[in-house]
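Down below is the structure, laid out as structure tokens.
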Amino acid sequence: MTQPLILAIESSCDETAAAVVRGGTDVLSNVVSSQIESHKRFGGVVPEVASRHHVERITYVIDDALTEAGVRIDEIDAIAVTEGPGLVGALLVGVSAAKALAFAHGKPLLGVHHIAGHIYANRLEQELRFPLVCLIASGGHTELIYMPEDGVYEVIGETRDDAAGEAYDKVARTLKLPYPGGPRIDQLAQTGQDTFHFPRIWLEKESYDFSFSGLKSSVINAVHNAEQRGEVIIPEDLAASFQASVVEVLVTKAIRAVKEKGGKQLLIAGGVAANRGLRAGLTEACSREGIELVIPPMHLCGDNAAMIGAAAIHPYRAGRQSTLAMNAEPGLDL
Ligand code: KG4
Ligand code: ZN
């Protein structure tokens, strides 16, 4: 089977990214232009600012991806793009660029779900064995997904309120740490102790769903109460206590899902997959339970376009082309 060359584009949030991927597994280039510095002073991603940055950078990022791969646009077999979910104005920039290229060069256009991209980032490093369970934890999503076979997704659990990354970012803001807060809390937690014993929110016994807003409120209340009493909080201990609660719930539910579903592997994906506490907790639990754990390398945890090129192999092989009527879908279902 010939291995198609796919030019992939991702612009769903605050990274403008393009990549060239051969056959869904071989990354020839992976260019990511981050906007984090521009959003820092607002304490979070400002959608309008994100869209403007994408518009300014998208053509350069695509050119760089082709140049680094040593590939001309006419050698590309298809153009893939994140269709959703994400910020509508941000998504539109990538979708418009992909449609323009597909139309101008007569190439097939492939719409890809952002979360499918995060999942298939794992296949850039390791072979996947089905059925499997994937724990998605990012700024916008916290989900447990059962995949009976390649390209088939069944959402078996999801957050009922905040996503894990969102809780990290809000707790970081309470500690007056700059955006994005996840990596900073992770850093502080390395030298702290779980002294606060925050609640673990399990929900119903059989549920695979998550809830992080109660935990977030407990952390914020602890900080405010200490301020009122004039007490000093040790940020390292607060971070370690918050992280211990998040990690225990994520790990316990993920392991239970793999065992109950008979999964051959447990995958993790999304920005929070970079968290050292989560990686360590899952590694320990999986080795204890005899479960094969697949963890993406750090540079593939955050948003990038190589993962979109990896996931695009399914619509490509199935001949599921999008038309030029494709639109950005901020609430797209997996
Ligand atoms: O997947 P991603 O790059 O963008 C979305 O699709 O949301 O995830 C970004 C999220 C942010 O909330 C960020 O704070 C969090 O991932 N994050 C982390 C870590 N690195 C990034 N959270 C905890 N620990 C980390 N090391
Ligand atoms: Zn993402």
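Some observations on this one:
- Dipole magnitude of the stretch 237-327, debye to nearest 20 (Cβ charges: Lys/Arg +1, Asp/Glu -1, about Cα centre): 360
- Between Asn225 and Asp150, the C-beta separation translates, for a Förster distance of 51 Å, into a calculated FRET efficiency of about 0.50.
- Scaling against 2.2 N^0.38 Å puts the C-alpha radius of gyration of the stretch 44-113 at 1.15.
- The stretch 53-150, dipole about Cα centre (Lys/Arg Cβ +1, Asp/Glu Cβ -1), debye to the nearest 20: 220
- Sites Met298 and Thr59, calculated FRET efficiency, Cβ-Cβ separation with R0 35 Å, nearest 0.05: 0.80
- C-alpha long axis of helix 235-261 to longest principal axis of the chain, angle in °: 60
- Radius 11 Å from Cβ of Pro131, net charge of other residues (Lys, Arg +1; Asp, Glu -1): 0
- Estimated inter-spin distance, Asp26 and Ser38, nm [label 7 Å along Cα→Cβ]: 3.5
- Degrees between helix 213-229 axis and first principal axis of the chain (Cα, 0 to 90, nearest 10): 50
- A Cβ-based charge dipole, computed about the Cα centre of the chain with Lys and Arg at +1 and Asp and Glu at -1, lands at about 160 debye.
- Annotation: extensible slack from His105 through Glu158 equals 15.1 nm (criterion: 0.36 nm per residue apart, minus Cα-Cα distance).
- C-alpha long axis of helix 164-174 to longest principal axis of the chain, angle in °: 60
- Chain lengthening between Gln190 and Val46 when straightened (0.36 nm per residue, less Cα-Cα): 48.9 nm
- Rh by Kirkwood over Cα pairs, then Stokes-Einstein D for the chain at 1.306 mPa s and 10 °C, µm²/s: 78
- Convex hull volume of the Cα atoms of the stretch 129-295, normalised per residue: 103 Å³.
- From helices alone, the chain scores -13500 deg cm²/dmol at 222 nm; the rule is -39500 (n - 2.57) for each run of n ≥ 4 DSSP H residues, then divide by the residue total.
- Thr323/Glu68 FRET efficiency (R0 30 Å; Cβ-Cβ; nearest 0.05): 0.50
- Mean Cβ neighbour count within 10 Å, used as a protection proxy, ranking 189-200, 166-177, 302-313 highest first: 302-313, 166-177, 189-200
FYI, it's all coordinate maths here, none of it is from the lab. What you are looking at is a predicted structure, and each value in this text was computed from that prediction instead of being measured. With ideal geometry, Cβ positions are generated from the backbone for all residues, glycine too; neighbour counts draw on all protein chains shown.
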